[in-house]
Amino acid sequence: MRTTPDLRPTAMLQGLAREARLNLTRARNGARYATGAEFAPIGPTPSQVVWRSGKAQLRHYPNPDKTAYAVPVVAFGGLVGRSYIFDLTASNSFVRRIHAAGFDAFVLDWGQPDHEDAGVSLETYLCDYLPAAIRAACRTSGADVVNLIGYCMGGTLALHGLPAQPELPVRALVSIAAPIDFACLNVMVDTVRDGRLDPASVLDDSGNLPAGLLTSFFRVIKPTAGIVQYVNLWQHLGDEQYLEGFQALSRCFNDQVPVAGAAWLQIAEQWIQGDAFLRGTLQLADRPVRLEELTLPVLVVVGSRDELVPEASTAPLCDLLPGADVEYMRLEAGHASLTTGRTAAKVTVPQILGWLAQHSEPIGAHARM
């Protein structure tokens, strides 16, 4: 009678060997990460600066494939974040997804202010930099108009600047997680709203709102986030692709930018304390800004799990734009996964860019008519 050999000891030894190799990889990668090894180079997609003024600049990311739409996309975030949020890694790049959807891509970087920029105001950003960047994108791409994507505070800036300048060559606006009702944000904003914190008192020696204060703002919103992140990091130390994404995203959200003092005081007075979006009292260059005069197609994007900018802070926007063709897109995502990560790649970004495609002219459309 033949007997079947007992393979359990062999399988056990193989499992132990795999675990030993994984632990060795974890230890090696952990040591590299702790000593500052570069898993994720900043801005991996080829680009060039096509316009600059002051600290601001517009970066063009030429589409390596044939573009399908004649209207390029200009994306930008807020004054506090880094523009490389749109190009984190080669496998996690909003810019490359713009390319894949058939668009040419530009990213506007508002710049990092220093003591020379303490007097830079919202008028500088919205009446000087934004129009000049839009014209530069048109000139570079040969287009007559552009699509705008404003992420987080970038969307709020767009909504402040565009109604006052209807002549700007903009085809459509995508506003992603843009705070409008600042009463729905966290306790640090509340201290400014109710007068417990004087906005001028937090300016540093350069005359600007320091980046460290902004980092504290995000930590107050989710104080245990760092612990959870490092637990996840330990579990995935054997996966270099995970490490690349973790390093890129952590760097981006911890690498905040100071806000020019003059602009900060305007934001505090109008957006936070004055509820200017909700009350219809926005001002720009000493003139009223009327949201009802915005007539562009507008996509309002919110994340149902967004803890940084809750849906309640963005939702009122639909009622504030009666002159625009507004569509409301509620996606099952958190703040970051509206633009980055696996959820962005599979769900959120395709829907956002699909909407833009519906509002953009295909190349050669006139020739076929």
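The values are calculated or read from the model by the stated rules, or taken from the named source; none is laboratory data. These numbers were taken from a predicted model, which means no experiment stands behind them. Glycine also receives a Cβ, built like all others from the backbone with ideal geometry; neighbour counts cover every protein chain displayed. The accessibility values were calculated without ligands, DNA or RNA, using every heavy atom of the protein model including side chains. Shrake-Rupley method; radii C 1.70, N 1.55, O 1.52, S 1.80 Å.
So the values come out like this:
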read-out	value
Qualifying residue in the stretch 139-146 (condition: among the hydroxyl-bearing types (S, T, Y), open to solvent by 10 Å² or more (accessible area, probe 1.4 Å), farther than 27 Å from G364 by Cα and in contact with a strand residue (DSSP E or B) (Cβ under 9 Å, 6 or more places away or on another chain))	no
Any hit, the stretch 347-357, residues being among the β-branched types (V, I, T), free of Cβ contacts under 8 Å to residues at least 60 places away in the same chain and touching a Cys at 6+ places or on another chain (Cβ under 7 Å)	no
Where G261 falls short, out of the listed (1) open to solvent by 10 Å² or more (accessible area, probe 1.4 Å); (2) farther than 19 Å from P163 by Cα	(1)
One residue from L159, L168 being surrounded by 24 or more Cβ atoms within 10 Å (Cβ to Cβ) and not acidic (D, E)	L159
Leading residue by the ranking (surrounded by the fewest Cβ atoms within 10 Å (Cβ to Cβ)) among those in the stretch 285-319 that are touching a Cys at 6+ places or on another chain (Cβ under 7 Å) and under 30 Å from D204 (Cα atoms)	A285
Positions within the stretch 155-199 being in a helix (DSSP H, G or I) and either of a type in the set (S, T, Y) or modelled with pLDDT under 95 (or both), in sequence order	T156, F182, A183, C184, V187, M188, V189, D190, T191, V192, R193, P199
Test: residue in the stretch 254-261 that is among the acidic types (D, E) and modelled with pLDDT under 95	yes
Verdict on L197 being of a type in the set (A, V, I, L, M, F, W, C), open to solvent by 30 Å² or more (accessible area, probe 1.4 Å) and in contact (Cβ under 8 Å) with a residue 40 or more places away in the chain	no
Scope the stretch 306-342; condition of a type in the set (S, T, Y) and either under 20 Å from R290 (Cα atoms) or without any contact (Cβ under 8 Å) to a residue 12 or more places away in the chain (or both); matching residues	S313, T314
Top-ranked residue in the stretch 68-127 [being among the polar types (S, T, N, Q) and open to solvent by 10 Å² or more (accessible area, probe 1.4 Å); ranked as nearest to the chain's Cα centre (by Cα)]	S83
Residues of the stretch 320-369 satisfying the condition of being among the small types (G, A, S) and either outside any helix (DSSP H, G or I) or out of contact with any Leu (no Cβ under 8 Å at 6 or more places or on another chain) (or both)	G323, A324, A333, G334, S337, A345, G354, A357, S360, G364, A365, A367
The stretch 329-361, residues that are out of contact with any Ser or Thr (no Cβ under 9 Å at 6 or more places or on another chain) and either among the aromatic types (F, W, Y) or open to solvent by 50 Å² or more (accessible area, probe 1.4 Å) (or both)	R342, K346, P350, Q351, W355, Q358, E361
